Amino acid sequence: MRHTAARRVRIATSGAAVLGLALTATACGGGDSSGGGKKSLSGQSVTVAGVWTGVEQENFKKVLAGFTEKTGAKVTFVSTGDNVSTVIGSKIEGGNAPDVVMVPQVGVLHQFAEKDWLVPLSKEIATDAGVNFAPVWKEYGTVDDTYYGLYFKASHKSTVWYNPEAFAQAGVEPAKSYDAMLKAGRTLSDSGVPAFSVAGEAGWPLTDWFENVYLSQAGPENYDKLAAHKIPWTDPTVVKALTTLGELFGDKDLVAGGGAGALRTDFPESVEQVFGPDPKAGMVYEGDFVGGLVKDQLKKKVGEDAKFFPFPAVDGGKPPVVSGGDAAVVLKAGKHQKAAMELVKYLASADAAGIWAKAGGFISPNMSVHMGNYQDETTRATAQSLVDAGDSVRFDMSDQAPAAFGGTQGAGEWKLLQDFLRDPSDPEATARKLEAAAAKAYRK
């Protein structure tokens, strides 16, 4: 099971995925608006498949209802669960393929394109994307110079969340550099609160830690090369990033419970250890979706009880902005391609993104979305930071990798970084193991 940015949000905001849950988004009775008059797609229907469940699914249904109101088309949403590729493959074989799929990984989008499952997006969508999105988002939706995927929802995974009360008691401030963050962490520890709660029970938070350090320290060009396995994991830049990360992982004053304790801590628990009733750490690193867990599960107020600062620059590099996202693609096997293409065009608009922004638990890479649509100052800040980063945004590296290396529990990068968390004393040996696993996965 692949834990993507979307999966991470779902852990924070909803329960388990329910395969085949079909819900219809309609507005004003379907084909015609309440004011009468024929809509452009009246009588047509579109089926959309995606990973979302719970609150996320309900909010996406509001977006789809907006499309129904605009066009008259009936839209049905089907949840795939996490195994998007497997579920969509079986639906195509069974002759009941959805029309649009919200794909949560670059790697899966490439897989779909290589299997010849996708219809290229229209020139109109490409034009809208060029106006509303930084070019990097179009690049991540492109395979072999063909534009297939429109990124609708994004996550900002370069945010360090902290307990303001713990910071005030220790007399520390949000850090502007990685070294300053570790220094503040040691001051927190001296005041009686370990610096970081680290979620090591699953491997994906550890890949995010590595990616932020690596992007800032080694730079975007090397990040792109490593993501494509054009440089090996034994490259000196990788060893340096692991060494930097090992300074944190190997310090029991910085990691609550030490490496062994972190390996028993899942993601929701890591957040609870900082913002729950009995705080055991002052900070937790993860994406903007931490705010959803703080608000919905822990019933704390984001911006007051929980604040964040941008992941700080490492060794004089630029502050990193690592992201993830969900892209809308149109399937060749779908039965309603015209309506499907119109839906994706709608998703490229500021109006569509604005609906979910107002509902909460969402940020968009769409530059045209008015920041006033976001519910609170913290969400506005993360959304603005993502947009301001422009082409310097880099997509989650593990989500770009073959799943055997970058997205499988107990294997590949996840397992090897867990081993490194347990014992970070030999970065070069870890780099060699990572390269061996990557070489095998990328050959397939």
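Within the set of other residues whose C-beta is less than 11 Å from the C-beta of residue 393, count the net charge using Lys and Arg as +1 and Asp and Glu as -1.
Working: positive: 157, 394; negative: 139, 388, 391, 396.
It works out to a net charge of -2.
At 1.4 Å probe size, with no ligands or nucleic acids counted, give the accessible surface of residue 300 in Å², nearest ten.
70
Taking the 0 to 90 degree range and rounding to the nearest ten, how far is the long axis of helix 412-422 tilted relative to the main principal axis of the chain, both from C-alpha atoms?
Long axis of 412-422 versus the principal axis of the chain: about 30 degrees.
At a 1.4 Å probe, what is the % contribution of carbon and sulfur to the accessible area of the chain?
Summing carbon and sulfur atoms, their accessible area is 49 percent of the total for the chain.
Using 0.36 nm per residue of separation minus the Cα-Cα distance, give me the extension gain between residue 144 and residue 253 in nm, one decimal.
Numbers: separation 109, 0.36 × 109 = 39.24 nm, distance 4.78 nm.
Additional length available on full extension: 34.5 nm.
Can you sort 82, 116, 419, 190 by 1.4 Å-probe accessible area, starting with the largest?
190, 116, 419, 82
Within 10 Å, count the other beta carbons around each residue, average over each peptide in 138-145, 126-133, and list them highest first. Walk me through the numbers on the way to the answer.
Numbers: 138-145: 15.9, 126-133: 17.4.
In decreasing order of mean packing, 138-145, 126-133 become 126-133, 138-145.
When Lys and Arg each count +1 and Asp and Glu each count -1, what net charge do the other residues less than 11 Å away from residue 330, Cβ to Cβ, add up to?
+1
Among 205, 277, 365, which one shows the highest mean-square fluctuation when the chain is modelled as a Gaussian network with alpha-carbon springs under 10 Å?
277
Given a 1.4 Å probe, how much area per residue of the stretch 110-198 is accessible, in Å²?
Ligands and nucleic acids excluded, the result is 43 Å² per residue.
Cβ under 14 Å from residue 260's Cβ, residue 260 left aside: what net charge do those residues give with Lys, Arg +1 and Asp, Glu -1?
Summing Lys/Arg as +1 and Asp/Glu as -1 gives -1.
Express in whole angstrom the spacing between the alpha-carbon centres of the stretch 312-326 and the stretch 191-228.
9
Taking a probe of 1.4 Å, how large is the accessible area per residue of the stretch 307-347, in Å²?
For the stretch 307-347, the solvent-accessible area averages 36 Å² per residue.
Order of 196-202, 293-299, 265-271 by packing, highest average Cβ count within 10 Å first?
Values: 196-202: 25.6, 293-299: 18.9, 265-271: 21.1.
The packing order, highest mean first, is 196-202, 265-271, 293-299.
Over 24 Å between C-alpha atoms is what I'm after, so list which of 39/138; 318/358; 153/240; 157/318 land there. Please list the in-between numbers first.
Working: 39/138 30 Å; 318/358 31 Å; 153/240 33 Å; 157/318 15 Å.
Too far apart for the 24 Å limit: 39/138; 318/358; 153/240.
Taking residue 332 as the anchor, which aspartates and glutamates have their alpha carbon closer than 17 Å to its alpha carbon, excluding any fewer than eight residues away along the same chain?
Partners found: 93, 99, 114, 116, 342.
Under 1.5 on a/c is rounded, so check that first for the stretch 52-152, then, if it is not, pick prolate when a/b is larger than b/c and oblate when it is not; a ≥ b ≥ c are the square roots of the alpha carbon gyration tensor eigenvalues. Mind dumping the intermediate values first?
Working: a/c = 1.60, a/b = 1.07, b/c = 1.49.
Oblate, since a/c reaches 1.5 and b/c is not below a/b.
Would you list, by chain and number, the lysines whose Cα falls below 19 Å from the Cα of residue 280, excluding same-chain residues fewer than 8 positions away?
183, 252, 295, 299, 300, 301, 307
The values are calculated or read from the model by the stated rules, or taken from the named source; none is laboratory data. Just so it is clear, the model here is predicted, and its values are computed rather than measured. Don't worry about glycine lacking a Cβ; one is built from the backbone with ideal geometry, like all the others, and counts go over all protein chains shown. SASA here: full protein model, heavy atoms, side chains in, ligands and nucleic acids out. Shrake-Rupley method; radii C 1.70, N 1.55, O 1.52, S 1.80 Å.
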